[in-house]
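Visitor: Below: one structure in structure tokens.
The values are calculated or read from the model by the stated rules, or taken from the named source; none is laboratory data. Computed from a predicted structure; not experimentally measured. We place every Cβ from the backbone using ideal geometry, glycine too, and count neighbours over all the protein chains shown. Just the protein is used for accessible areas: all its heavy atoms, side chains included, with ligands, DNA and RNA removed. Shrake-Rupley method; radii C 1.70, N 1.55, O 1.52, S 1.80 Å.
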Amino acid sequence: MKIAVINFSGNVGKSTIARHLLLPRIPGAELLSVESLNAGNEDAQVIRGRQFGELQEYLQTIDNAVVDIGASNVEDLLALMHRYRGSHEDFDAFVIPTVAPIKQQQDTIATLVDLAGLGVPARRMKIVFNMIEHGDEVEAVFFPLLAFLREHQIAPMSLDCRLPFNEIYRQSPGQKVDIFKLAEDNTDYKALIVKATDSIDKLQLARKLAARRLAIGAIPLLDACFAALGLAELVEPGDELAVNAS
């Protein structure tokens with residue numbers, strides 16, 4: 001399965017969705033990052049926005065990929081996809097994260113319209129309602145986007161495709177933190193904090209304890225969101241989309 005994570009807007013959590021929601025749950029998937037020239041992403045294969053021909057060729061050689069498309073490259077990449085007619089068929093799904101601010105919702109609508117213009121079927125566009133604050137209702141916060149989708153029906157909407165805000169995704173530069181490893185860490189940090197004599201050491205241990213707690217809370221929510229995406233429905237007969245648990 002090959003998935004593009006895309007939105008005209010920045011600050012919607014595309015890298016979080018690619019790295020923490022999709023990549024760990026698609027066996028054998030490679031993370032490909034479409035970034036600008038000055039962007040760094042050390043543990044993913046980086047492809048520049050205008051190298052679309054190379055991206056197409058590489059996608060033919062692998063079975064599973066998550067392609068994280070940086071906001072500064074979306075316009076160029078979609079323009080090239082219009083030129084390479086039918087290239088959208090290289091992707092089994094387009095996952096579009098969105099967040100509450102009106103500007104991002106408007107950009108999400110523009111992204112959906114452009115993808116539909118390419119010929120992407122509605123069922124292959126998957127919206128993730130991201131960074132939801134505690135107590136917020138998706139129906140109310142995302143009313144502009146949902147109203148558009150109800151009127152135009154160019155993409156399905158599942159209110160269960162949602163992720164709450166969680167500081168764990170910002171714990172590490174470049175979002176390279178492994179949430180599963182954090183959650184499985186059995187270190188007795190409270191005992192170590194009691195034994196530590198230096199206040200800086202205590203603070204560092206306390207931060208590790210907090211990160212583990214955040215990770216433990218994040219995993220079931222990520223699992224539920226992934227299930228709600230319904231990616232298994234897009235798998236061709238005879239193939240299987242197994243879900244990695246770690």
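Visitor: Might you let me know whether region 82-95 holds any residue that is in contact with a strand residue (DSSP E or B) (Cβ under 6 Å, 6 or more places away or on another chain) and part of a helix (DSSP H, G or I)?
Guide: No - not one qualifying residue is present in region 82-95.
Visitor: Please state which one of Leu209, Leu231 is modelled with pLDDT under 95 and either touching a Pro at 6+ places or on another chain (Cβ under 9 Å) or surrounded by 14 or more Cβ atoms within 10 Å (Cβ to Cβ) (or both).
Guide: Of the residues listed, the single one that is modelled with pLDDT under 95 and either touching a Pro at 6+ places or on another chain (Cβ under 9 Å) or surrounded by 14 or more Cβ atoms within 10 Å (Cβ to Cβ) (or both) is Leu231.
Visitor: Looking at region 148-179, which of its residues are in a helix (DSSP H, G or I) and either surrounded by 16 or more Cβ atoms within 10 Å (Cβ to Cβ) or of a type in the set (Lys, Arg) (or both)?
Guide: Correct list: Phe148, Leu149, Arg150, Ile168, Tyr169, Arg170, Gln175, Ile179.
Visitor: Does Leu222 satisfy the criteria of being surrounded by 15 or more Cβ atoms within 10 Å (Cβ to Cβ) and either modelled with pLDDT under 95 or in contact with a Phe, Trp or Tyr (Cβ under 8 Å, 6 or more places away or on another chain) (or both)?
Guide: no
Visitor: Given the criteria open to solvent by less than 10 Å² (accessible area, probe 1.4 Å) and farther than 25 Å from Asp178 by Cβ, does Leu145 qualify?
Guide: yes
Visitor: Based on this model, can you work out whether Arg123 counts as surrounded by 12 or more Cβ atoms within 10 Å (Cβ to Cβ) and in a helix (DSSP H, G or I)?
Guide: The answer is yes for Arg123.
Residue-by-condition table, conditions (1) at pLDDT 95 or above; (2) under 16 Å from Ile127 (Cβ atoms):
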| position | (1), (2) |
| --- | --- |
| Ile3 | yes, yes |
| Gly40 | no, no |
| Gln45 | no, no |
| Gln56 | no, no |
| Asn64 | yes, no |
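Visitor: Out of region 52-92, which residues are among the aromatic types (Phe, Trp, Tyr) and either farther than 21 Å from Pro24 by Cβ or open to solvent by 60 Å² or more (accessible area, probe 1.4 Å) (or both)?
Guide: Phe52, Tyr58, Tyr84
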